[in-house]
Amino acid sequence: MRFPRSAILLCALACLSWFAVRVALAVDPASLSNPALQARYLALTHELRCVVCQGETIADSNAWLARDLRRQVRELLVAGKSDDDIRDYMVARYGDYILLKPPFTVRTAWLWLAPGVLLIIGAIVAVRIVRQRAALVAQDTEPLEEELRS
């Protein structure tokens, strides 16, 4: 069954529209009157992870919690808190997980070391497999199928 070209085009257009609306909804319309505070606000909201979305910053997320966290950051900035005070406040409430770049501590060491350890383990496994297969080829004394046919 073949779909008409117009139906495929309409479906593609609908998908693109959905993505465009989703991106537009994630834009934070709030702005601060002071440009320096606005720059700090943007920097902080791009450093904090949305706890609901888990893969996005609170600046990029449209989740209800991300909106509340953006509002909280805005209120703390207007209250005169420093960037470190705001980060410490968020970490006290949500733990190191809220930071996109968590500090290297005993609790987060596995986060920083796991990729390297897994890469080393993968390389060792790959080398062993290649060596074992090379040894099997060297031990193989059976004639090839082409030699048997002729």
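Below, the figures for the structure above:
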| item | result |
| --- | --- |
| Dimensionless Rg ratio for the range 40-150, taking C-alpha atoms and the 2.2 N^0.38 Å reference | 1.99 |
| Ranked list, fewest to most other Cβ atoms within 10 Å of each Cβ, for Arg71, Arg5 | Arg5, Arg71 |
| Value of relative contact order over the range 31-103, rounded to a whole percent, pairs C-alpha under 8 Å and six or more apart | 30 |
| Ser31-Gln54 FRET efficiency (beta carbon distance; Förster radius 22 Å; 0.05 resolution) | 0.25 |
| Peptides ranked, highest mean first, by Cβ atoms within 10 Å: ranges 93-99, 127-133, 34-40 | 93-99, 34-40, 127-133 |
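None of the figures in this text is laboratory data; all of them are computed from the coordinates on show. Owing to the predicted nature of the structure, the values given are computational and were not obtained by experimental measurement. No Cβ is skipped: glycine too gets one built from the backbone with ideal geometry, and neighbour counts run over all protein chains shown.
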